Amino acid sequence: MFKSLLIANRGEIACRVINTARRMGIKTIAVYSDADKGAKHVRFADHAVRLGPAAAKDSYLRADLILKAAREFSAEAIHPGYGFLSENAEFAESCAAAGIAFVGPRPDAIRDMGLKDRAKAIAVEVGAPVLPGYWDLDQDPERLKAEAEKIGFPLLIKAVAGGGGRGIRVVEDGVAFGPALDSARREAAASFGDDRVMLERLVLRPRHIEVQVFGDQHGNLVHLYERDCSIQRRRQKLIEEAPAPGMTEAVRESLTQAALKIAKAVNYSNAGTVEFVADGTGPLRPDGFWFLEMNTRLQVEHPVTEAVLGLDLVEWQLRVAAGENLPLTQDQIHLKGAAIEARIVAEDPAKGFLPSSGVVAGLPDDGAIRVDSGYEIGDIFPDAYDSLVEKAIAHGADRAQALARLQAHLEARVVTGISTNIGYLARLCPLSSFAQGGVHTGLLEDEGLALLKPDALAARRLGLAAIGVQVARELEVPEGASPFDVPDGWRLNAPSHLAVGFQIEDRRVSVELHSDEVQLSAGYRGDHAVVPRRLIHAYGKAKDWTILIAESAGPKAEARGDIAATLFVDRAGASLVERGEVWRYSYPAAEASADSLEASDEITAPLPGKIATIHAQAGQTVKKGQVLVVLEAMKMEHALTASRDGVIAETFVQEGRQVKAADVLIRLVAQEAVT
């Protein structure tokens, strides 16, 4: 076995690999960019080497610098994780040339499966089911449009070198084909350095089912059953599970045998995943699935396979890369229960899933289920890479038990400082469509209304926030101070009365607190919520925060010791965390007014990025919601729209320009101002 291992990656996968290597007694070397200086994976490894600036092209994609670091610390092997250089055949060859083992498949297998068009051709050769499409070399736009007309609409445009949902566009008709092609090519070029695309018939109500395969250098090849990855947003996976809901032995046999045929055709070794699209309009059928692609690396969702099989796939990877035989044969591999994984990402679902960055705050994970994370409290979450924060993996005797455990974890998870989708996923878990296994890639869109963030202006939440602020103020009073110094609203000839003002996005709210011996109540618009003050407990202090716990009301809840909410109070306001969701209640600025909170005439960059396209010029009349600028950031394209009807007064940027968060891109004026 290797004595030393360099991990050519970052975040949770780097920590995940280091964890297994440490258990196996292998010395670990981390690499990092300037954006990740002091990151968890850097602290976790035995040694760490700086690669360069934050941009991936100057750091994590610099094969020469990674190999130099490996030689410096005499690394015997390099684990590429996923993304970055994990499916780069040239990098695998460079490792071999340097006498360093690449923990992954052979370079020729990476090449054969890395390009979707070549992979489709191989699948056809071995008799695996493939959807009608176009994957030839001719990339002339007119040829592509003609092929699209032959295939029929709706269809998919997919980046040939794609992955992670990038470079993919759904096209409903011929009119939309040209703009969609341009957009897919731009994103493909930015993400993979290759703007070639292929076309594929779109399966309605599709399911995404994949098979984990594993081979060694001695010709042994096994499957590790299937995973369902159908719960996606913008073709990015959010929920993965094993086994697939509704899977039968007949379908599984057809599916796994097709996957093994494809893997065997390229003499595959190490970990790989063969992905299929299945018809989700009814029960799964042996003839109702088609090959999509093969990922020649470890997948983000590999922990659900580990959970249902009781295996460590990273350990398998290292053993196979060291020349050992597969640890088990096919007849020794058996499913045990069910597992579900949720991807926690730094996005704000309430703001169109806008990516987020900042300092991770909140409370440590409670340890009830497995959590693979690349961050700890106090770490900086950068805006230079993808949005994955951590993965929560729940295992149970069956799917219902695994799902219940996942929901309980998400509802108890407390993360602030950055926006996340924890609350969004917590609301997904109990929905009948999902809980009953009716999964398909459009489920999140179908259930959009049910997944909306609950109202921040609900009286009970306003009451909790106001009471939390009041309790925190009282905690600031020095011990032994006069009772008259306690800011509790006490009055000589009337009940106690206090008012706490908040700014909630574009609303200003005043919450009145009335107290007696045991409780405070909060009212808004005539709606009152009674929140027993005795259930608000001081938890502690963390830097500038006062942390409070609000327990569930009612005798049964008190007996269970349930926690209803956690409050973080600072000098600027309060953050309320309830069932994984975060609401921010800020103190209003002195100059704030209703007029200043109207829709802005300035279109600003919501986060750092590069201007991909500009769709409006000075003097042009635009409508509310019309796309004005497309911003490329965090490996995705973000459409910025007009906040109201108006006329473009000025544009301040050009295509290809880098911008910072809050930079003004376009200024609007009212139509009457130019007439």
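The values are calculated or read from the model by the stated rules, or taken from the named source; none is laboratory data. Since the model is a prediction, treat every value here as computed from it, not as a measurement. All Cβ positions, even for glycine, are placed from backbone atoms using ideal geometry, and neighbour counts span all protein chains on display.
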Test for V49: is it outside any strand (DSSP E or B) and modelled with pLDDT of 95 or more: no
Looking only at residues that are crowded, with 17+ Cβ neighbours inside 10 Å and farther than 20 Å from P588 by Cα in region 496-520, which one is modelled with the lowest pLDDT? L520
Here are the criteria: (1) without any contact (Cβ under 8 Å) to a residue 40 or more places away in the chain; (2) loosely packed, with under 15 Cβ neighbours inside 10 Å. Tell me which single one Q139 does not satisfy. (1)
Suppose the filter is at pLDDT 95 or above and either on the phi < 0 side of the Ramachandran plot or aromatic (F, W, Y) (or both); does G282 pass it? no
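Yes/no matrix, rows are residues, columns are (1) within 30 Å of G288 (Cα to Cα); (2) not in a loop (DSSP other than H, G, I, E, B); (3) not assigned by TED's automatic domain parsing to the domain that holds G288:
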residue	(1), (2), (3)
I418	no, no, no
S433	yes, yes, no
H440	yes, no, no
A465	no, yes, yes
V471	no, yes, yes
P478	no, no, yes
A481	no, no, yes
Test I547 against the criterion of being among the aliphatic types (A, V, I, L, M), under 29 Å from S387 (Cβ atoms) and modelled with pLDDT of 80 or more, and give yes or no. yes
Top-ranked residue of region 145-160 - restricted to ones that are in a helix (DSSP H, G or I) and among the basic types (K, R), ranked as farthest from the chain's Cα centre (by Cα): K150
I need a count of the residues in region 161-186 that are over 19 Å from the mean Cα position of the chain (by Cα) and not in a helix (DSSP H, G or I). 6
State which residue is farthest from the chain's Cα centre (by Cα) when the search covers only region 420-431 and only residues that are assigned to a helix (DSSP H, G or I) and under 19 Å from H208 (Cβ atoms). L428
Tell me, please, whether a residue that is touching a helix residue (DSSP H, G or I) at 6+ places or on another chain (Cβ under 6 Å), outside any helix (DSSP H, G or I), buried (at least 23 other Cβ atoms within 10 Å of the Cβ) and among the aliphatic types (A, V, I, L, M) can be found in region 110-127. no
Which of the following residues is part of a loop (DSSP other than H, G, I, E, B), among the polar types (S, T, N, Q), touching a strand residue (DSSP E or B) at 6+ places or on another chain (Cβ under 9 Å) and at pLDDT 65 or above: S600, S575, S643? S643
I'm trying to understand the selection: among the residues of region 323-366, which are in contact with a Pro (Cβ under 8 Å, 6 or more places away or on another chain), within 23 Å of H395 (Cα to Cα) and not in a loop (DSSP other than H, G, I, E, B)? A338, A339, E341
Residues of region 273-291 being within 17 Å of E87 (Cα to Cα), out of contact with any helix residue (DSSP H, G or I) (no Cβ under 6 Å at 6 or more places or on another chain) and surrounded by 22 or more Cβ atoms within 10 Å (Cβ to Cβ), which ones? T273
Of these, D455, D488, which one is part of a loop (DSSP other than H, G, I, E, B), under 23 Å from F568 (Cα atoms) and modelled with pLDDT of 75 or more? D455
On the basis of being under 18 Å from A123 (Cα atoms), part of a helix (DSSP H, G or I) and in contact with a Pro (Cβ under 9 Å, 6 or more places away or on another chain), does L255 make the cut? yes
Would you check which residues across region 18-49 are of a type in the set (S, T, N, Q) and either touching a Phe, Trp or Tyr at 6+ places or on another chain (Cβ under 6 Å) or surrounded by 18 or more Cβ atoms within 10 Å (Cβ to Cβ) (or both) and list them? T20, T28, S33
